[in-house]
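In what follows, a single structure is set out as structure tokens and then discussed.
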Amino acid sequence: MFGGGGMNPRKMKQMMKQMGIDVTELDAEEVVIKTADEELVFTDAQVTRMDAQGQETYQIVGEPETRELGAGDEGGDDAAADADAGIPEDDIEIVAQRAGASKDEAREALEAEGGDLAAAIARLE
């Protein structure tokens, strides 16, 4: 469990307990770390939680699978619904009202313009 540079793991655990550090192994099925442009997915990872003076630290040991954001969504119809959920309904209504277009046209324009209200309105005018 611990790689204390040749130190006996039992002795290491005992020393950590004396210093007030509580170590717990978690039975995690999956760990996902989301960054700005990708997800790191650990499926068979060993997860350890250390609690030292009220501060919790998690250690993940394993090989992650890298995937693009949103690539892990399951189901074809749900993926389309998730894409719509990324654009607030208020934005759709504003664009539809300002451009004199339907909500569907406003949604398509917002999606095409990456959520930019002004560009979506200009696109529809």
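Derivation of every value follows stated rules applied to the coordinates shown; laboratory data play no part. Just so we're clear, the structure is a prediction, and the values are computed from it rather than from any experiment. Cβ atoms come from the backbone with ideal geometry, glycine included; neighbour counts cover every protein chain shown.
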TODO: Give, as a single signed number, the net charge of other residues whose beta carbon lies under 11 Å from the beta carbon of residue 56, with Lys and Arg counted +1 and Asp and Glu -1.
DONE: -1
- [ ] Would you please give the residues with an amide H less than 5 Å from that of residue 38, counting only those at least 5 places away or on a separate chain, with H modeled from the backbone geometry?
- [x] 69
Task: Segment residue 14-residue 122, extension gain: residue separation times 0.36 nm, minus the distance between their alpha carbons - done: 32.1 nm
Task: Amide hydrogen neighbours beyond the local backbone of residue 28, cut-off 5 Å, H modeled - done: 47
Task: Whole-Hz ³J(HN,Hα) from phi, Karplus 6.51 cos²θ - 1.76 cosθ + 1.60, for segment 107-113, glycine and proline x - done: 4, 4, 5, 5, 5, 5, 9
